[in-house]
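Accompanying notes for the structure given below.
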Amino acid sequence: MTFISDSRFHRQLLLVNGLLPAVFIVFDHWRGELGANPVEFVTRATGVLALIFMVLTLLVTPLRKLFGWNWLLKQRRLIGLYAFFYGVAHLLTYIAGDRDWQLLSVPDDVLKRPFIAVGMISFLLMVPLAATSTNAMIKKMGGKRWNQLHRLTYLIAIGGVVHYYMIVKSDITYPLAFAIAVGLLLAYRLAVQIRKVA
Amino acid sequence: MSKSPEIPPSEITPEETFLNRRFFMKSAIWAGTTVATTGLYRTFSPRADVENTGTAIASTADPSVTSHLLPDEKLNTFEEIAGYNNFYEFSTDKSEVAAKAKNFVTNPWSVEVTGLVQKPRTFNLEEILKFESEERTYRFRCVEGWSMVIPWVGFPLAKLLSLVEPMSGATHVAFTSYHDLKQMPDSVFAGIDLPYVEGLRLDEAMHPLTLLATGLYGKTLPNQNGAPVRLVVPWKYGFKSIKSVVKIELTDKEPPTTWNLANAREYGFYSNVNPTVDHPRWSQARERRIGEGGTRETLMFNGYADQVASLYAGMDLRKNF
């Protein structure tokens, strides 16, 4: 067996490396090393991690088609689930840290602050994707419908970047970097579609 | 299994060597990826390595203004105050500013006081430090929704202004921060026009609470907190308290201010702390006191209403935010 075909090894690598940031955050929290404003840091870190994994899932198809790295496909589900995992962590940090667990204040806050609304919609769109990520669900839905549903990923990625851009005060370097990454990855898909039609 | 006659038996890797090599390769990949992930995380995670390297400043305590804190309010630690800073000239990451400002040169320094004054004058650092210093403990409320309690050392701005004798036509005071791309290379990412400028009405500037701070916790200011001299206006959002001041100009009209220029809808000239007027993107009703678990109520004029509310009598604070 070669490394390229050793998907068990790939999965282990991804599982551990994807979880490491969460482990560090918990560890740093435990030893009180999350800086002066832990809520702000954890909110930012989990949000950025969710975006990073969103970008990584979008990267799988272009890498397969451009370089023939088909072995990546087997890991895409776990990458997507990590995006969801950090999205959940991001939401929980907001509810615990920003809302002091006052769940009833969340709807009002969502309506009051447009950037929260954009983030919340993006998160809610991730829920059906995570729920239909099992083999059984793919079988049940059929590949075509499943693929159609999972194109929501594009919308979620755009929503995530917009959400980030909206909260930044003036230094847009990081949101811009994510916008360029997501933009290129979506432009690639558009180009492929156009070539198919032509 | 199919035969492969083209490979002579001597060239087939013995199973043991193959497994060893595989084990070695896998270990290397494990080590490489986890070290890379850890390094990437650590690049962005906050570092707490601030040292109080300032020199001591002799000062007198001012009990009339330091006893105003609520019973449950306590001073923030030096590490909190000097490790979490908005100083966009150095970095837009609050936990990065201390490291980026480490080699900032603050001596020699001079503050030019000019404009509508009888006796324009440039103060050098020595002259600034000669003003009789007081310890002033103030709440500090950032427009972002966090706050601290900081034991400043400094003197009322009024003392300096009376030395230069403002003309009768002067109505406002404009402040300018130091800016220099060589010492502040990351300021190109700030997203705001620099040098940083701020302004006050003359009566706000002359108010006894308005301070020119030269230190905190009994020692000269750390660079990241606006060394060697900064403004502190405790009843306004933190960004009004301009850092590393190099110029003070008396004028007869409202001067431009940096955040107002960047986004006039979100940041007004007055920017008084006001829990009833929200920022367009977030509520200002509560604040996160650094070092505390939950949030606490934001006080009108940051708790200094009895001393400053009269400055704004008859004004619509919703319009003049």
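Descriptive notes on the structure:
- Consider the stretch A:4-47 and keep the residues that are more than 7 Å from chain B (Cβ to nearest Cβ) and in a loop (DSSP other than H, G, I, E, B). The one that is surrounded by the fewest Cβ atoms within 10 Å (Cβ to Cβ) is A:R31.
Conditions (1) within 14 Å of B:L200 (Cα to Cα); (2) within 14 Å of chain A (Cβ to nearest Cβ), marked per residue:
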| residue | (1), (2) |
| --- | --- |
| B:V229 | no, no |
| B:K236 | yes, no |
| B:E254 | yes, no |
| B:D278 | no, yes |
| B:E287 | no, yes |
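- Set A:T173, A:T132: member being of a type in the set (S, T, N, Q) and more than 30 Å from B:G191 (Cα to Cα): A:T132
- Count of residues meeting criterion [within 16 Å of the chain's Cα centre (by Cα) and touching a residue at least 60 places away in the same chain (Cβ under 8 Å)] in the stretch B:192-203: 5
- Members of the stretch B:166-175 found to be closer than 12 Å to B:M206 by Cα and touching a Lys or Arg at 6+ places or on another chain (Cβ under 9 Å), listed by number: B:T171, B:H172, B:V173
- Among the residues of the stretch B:308-321, the ones that are out of contact with any Phe, Trp or Tyr (no Cβ under 8 Å at 6 or more places or on another chain) and either under 19 Å from A:F115 (Cβ atoms) or in a helix (DSSP H, G or I) (or both) come to 2 in all.
- The requirement of being within 14 Å of chain B (Cβ to nearest Cβ), out of contact with any strand residue (DSSP E or B) (no Cβ under 9 Å at 6 or more places or on another chain) and not β-branched (V, I, T) is fulfilled nowhere in the stretch A:61-68; no residue meets it.
- Residue match in the stretch B:242-261 (condition: on the phi > 0 side of the Ramachandran plot and modelled with pLDDT of 95 or more): yes
- From B:A82, B:A61, B:A36, residue being of a type in the set (A, V, I, L, M) and under 14 Å from the mean Cα position of the chain (by Cα): B:A82
Per-residue answers, yes or no, for (1) over 28 Å from B:N274 (Cα atoms); (2) without any contact (Cβ under 8 Å) to a residue 60 or more places away in the chain; (3) over 18 Å from the mean Cα position of the chain (by Cα); (4) assigned by TED's automatic domain parsing to the domain that holds B:P280:
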residue	(1), (2), (3), (4)
B:A101	yes, no, no, yes
B:F104	yes, no, no, yes
B:S110	yes, no, yes, yes
B:L129	yes, no, yes, yes
B:E134	no, no, yes, yes
B:F140	no, no, no, yes
B:V143	no, no, no, yes
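- Within the stretch B:160-204, considering residues that are in a loop (DSSP other than H, G, I, E, B) and of a type in the set (F, W, Y), the one nearest to the other protein chains (Cβ to nearest Cβ): B:Y196
- Any chance B:Y196 is more than 20 Å from B:E79 (Cα to Cα), of a type outside the set (G, A, S), modelled with pLDDT of 95 or more and in contact with a Cys (Cβ under 9 Å, 6 or more places away or on another chain): no
- Tally, over the stretch B:92-101, of residues that are more than 9 Å from chain A (Cβ to nearest Cβ), small (G, A, S) and not in a helix (DSSP H, G or I): 1
- Residues being surrounded by fewer than 22 Cβ atoms within 10 Å (Cβ to Cβ) and either modelled with pLDDT under 95 or part of a helix (DSSP H, G or I) (or both) - total across the stretch B:78-91: 3
- On inspection, B:S168 passes the criterion of being farther than 15 Å from B:E134 by Cα, assigned by TED's automatic domain parsing to the domain that holds B:S67 and without any contact (Cβ under 8 Å) to a residue 24 or more places away in the chain.
- Qualifying residue in the stretch B:22-45 (condition: at pLDDT below 95, assigned to a loop (DSSP other than H, G, I, E, B) and in contact with a Gly (Cβ under 9 Å, 6 or more places away or on another chain)): yes
- Elements of the type strands (runs of 3 or more DSSP E) sitting completely within the stretch B:211-293 and holding at least 3 residues that are of a type in the set (V, I, T): these cover B:245-251.
- Residue count for the stretch A:48-77, restricted to those that are of a type in the set (S, T, Y) and crowded, with 18+ Cβ neighbours inside 10 Å: 1.
- Residue selected from the stretch B:164-210 under the condition under 20 Å from B:V232 (Cα atoms) and among the polar types (S, T, N, Q), by the criterion surrounded by the fewest Cβ atoms within 10 Å (Cβ to Cβ): B:T171
- Going through (1) touching a Phe, Trp or Tyr at 6+ places or on another chain (Cβ under 9 Å); (2) surrounded by 20 or more Cβ atoms within 10 Å (Cβ to Cβ) one by one, B:L161 falls short only on (1).
Residue by residue, here is whether (1) without any contact (Cβ under 8 Å) to a residue 40 or more places away in the chain; (2) surrounded by fewer than 17 Cβ atoms within 10 Å (Cβ to Cβ) holds:
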| residue | (1), (2) |
| --- | --- |
| A:V88 | yes, yes |
| A:D100 | yes, yes |
| A:P107 | yes, yes |
| A:P114 | no, yes |
| A:H150 | yes, no |
| A:A157 | no, no |
| A:L176 | yes, yes |
| A:R189 | no, yes |
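- Scanning the stretch B:141-156 for residues that are within 14 Å of chain A (Cβ to nearest Cβ) and among the small types (G, A, S), we see that the one that is surrounded by the fewest Cβ atoms within 10 Å (Cβ to Cβ) is B:G145.
The values are calculated or read from the model by the stated rules, or taken from the named source; none is laboratory data. This structure is a prediction, so every number in the text was calculated from the model and none was measured. Don't worry about glycine lacking a Cβ; one is built from the backbone with ideal geometry, like all the others, and counts go over all protein chains shown.
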